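To start, the structure under review is shown below, and the notes come after it.
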Amino acid sequence: MDRWKGRVALVTGASVGIGAAVARALVQHGMRVVGCARSVDKIEKLAAECQSAGYSGTLIPYKCDLSNEEDILSMFSAIKTLQQGVDVCINNAGLAHSEPLLSGKTESWRNMIDVNVMALSICTREAYKSMKERNVDDGHIININSMGGHRMVPSADEHFYCATKYAVTALTEGLRQELREAKTHIRATSISPGIVETEFAFRHHDSDPQKAAAVYESIKCLKAEDIASAVTYVLSAPPHVQIGDVQMTPVEQVS
């Protein structure tokens, strides 16, 4: 990770869970990390914790609604002005609504597409543009995917969410091909966790906290720090090594 010291990383959805753990890990390794979310209070608290811990990097909180393209473009413009540009883009932000295919609300489906697919694609495009205009040829784009992007979860509540994550799997491979065709050494990686104990299930099953808690009580889940370790592992690979897809699940997870 030494070669990333002083470089700039963008982490979306950095206020809680996986995003917060990734942001902390990258700051610990000396990176300048722009952490964005709709609410930045928790990111500001995390930034203060990183500073108090004496980490060599810096966490810069940025308020951004990723379902709004203008917000995303404004964020990249601010990063260009204040930090020169993005060298690493961690597309972590994602959400799920319990909306089955046969009865779900269109608004909820659209929200999942806007955040899980469109925001990821816009951030990827803008990060690549930032790298290209500065002749950065060793950048990295990492998409936090899901095992739900590789097999359909047998629950109607998850089907549309899984569809958005299947899209992330396809988008990451398409990105890898386009980067290769562009003859660049910028790399693309998808990291697909199984069940991770974060606030995700409680947001997903917001009307049924007992159901959310049961998800995490059923097995020994992955921790957000496990995913952060996977991110630093991927970034630590030699520049000539392309790690295309990391799939990780709890030992006890069977589906």
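The values are calculated or read from the model by the stated rules, or taken from the named source; none is laboratory data. All values derive from a computational prediction rather than experimental measurement. Every residue, glycine among them, receives a Cβ derived from its backbone with ideal geometry; neighbour counts consider all protein chains shown. Note: areas computed on protein heavy atoms with side chains; ligands, DNA, RNA excluded. Shrake-Rupley method; radii C 1.70, N 1.55, O 1.52, S 1.80 Å.
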Can you tell me which of CYS50, CYS64, CYS36 is touching a helix residue (DSSP H, G or I) at 6+ places or on another chain (Cβ under 9 Å), free of Cβ contacts under 8 Å to residues at least 60 places away in the same chain, open to solvent by less than 70 Å² (accessible area, probe 1.4 Å) and more than 27 Å from GLU133 (Cβ to Cβ)?
CYS50
Just one listed residue, out of GLN242, GLN247, is at pLDDT 90 or above and either of a type in the set (Asp, Glu) or closer than 25 Å to LYS129 by Cβ (or both), and it is GLN242
Hey, can you tell me all the residues within region 81-104 that are in a helix (DSSP H, G or I) and buried (at least 17 other Cβ atoms within 10 Å of the Cβ)?
GLN83
Where a residue in region 90-105 is without any contact (Cβ under 8 Å) to a residue 24 or more places away in the chain and its partner, wherever it lies, is open to solvent by 20 Å² or more (accessible area, probe 1.4 Å) and in a loop (DSSP other than H, G, I, E, B), with Cβ under 7 Å and at least six apart:
LYS105/GLU99
Go through region 155-165 and give me each residue that's surrounded by fewer than 18 Cβ atoms within 10 Å (Cβ to Cβ) and part of a helix (DSSP H, G or I).
ALA156, ASP157, HIS159
Quick check on region 121-149: of everything there that is surrounded by fewer than 21 Cβ atoms within 10 Å (Cβ to Cβ) and assigned to a helix (DSSP H, G or I), which residue is farthest from the chain's Cα centre (by Cα)?
GLU133
Of the numbered conditions (1) small (Gly, Ala, Ser); (2) open to solvent by 30 Å² or more (accessible area, probe 1.4 Å); (3) touching a residue at least 60 places away in the same chain (Cβ under 8 Å), ALA21 satisfies every one except a single condition; which is it?
(2)
Only listed residue being open to solvent by 60 Å² or more (accessible area, probe 1.4 Å), within 25 Å of ALA14 (Cβ to Cβ), modelled with pLDDT under 90 and part of a helix (DSSP H, G or I), chosen from ARG176, ARG203:
ARG203
Can you say whether SER192 is at pLDDT 95 or above and over 22 Å from ARG151 (Cβ atoms), as far as the supplied structure shows?
no
Options MET152, MET118: the member that is free of Cβ contacts under 8 Å to residues at least 12 places away in the same chain, touching an Asp or Glu at 6+ places or on another chain (Cβ under 9 Å) and open to solvent by 40 Å² or more (accessible area, probe 1.4 Å)
MET152
Could you please give the count of residues in region 209-252 that are within 16 Å of the chain's Cα centre (by Cα) and either of a type in the set (Asp, Glu) or open to solvent by 60 Å² or more (accessible area, probe 1.4 Å) (or both)?
7
Which pairs turn up if I take residues in region 1-12 that are open to solvent by less than 40 Å² (accessible area, probe 1.4 Å) and look for partners that are basic (Lys, Arg) with beta carbon separation below 9 Å, at least 6 apart in sequence or on another chain?
GLY6/ARG32; VAL8/ARG32; ALA9/ARG32
Considering only region 68-79, I want to know if a residue exists there that is part of a helix (DSSP H, G or I), in contact with a Pro (Cβ under 7 Å, 6 or more places away or on another chain) and open to solvent by less than 20 Å² (accessible area, probe 1.4 Å).
no
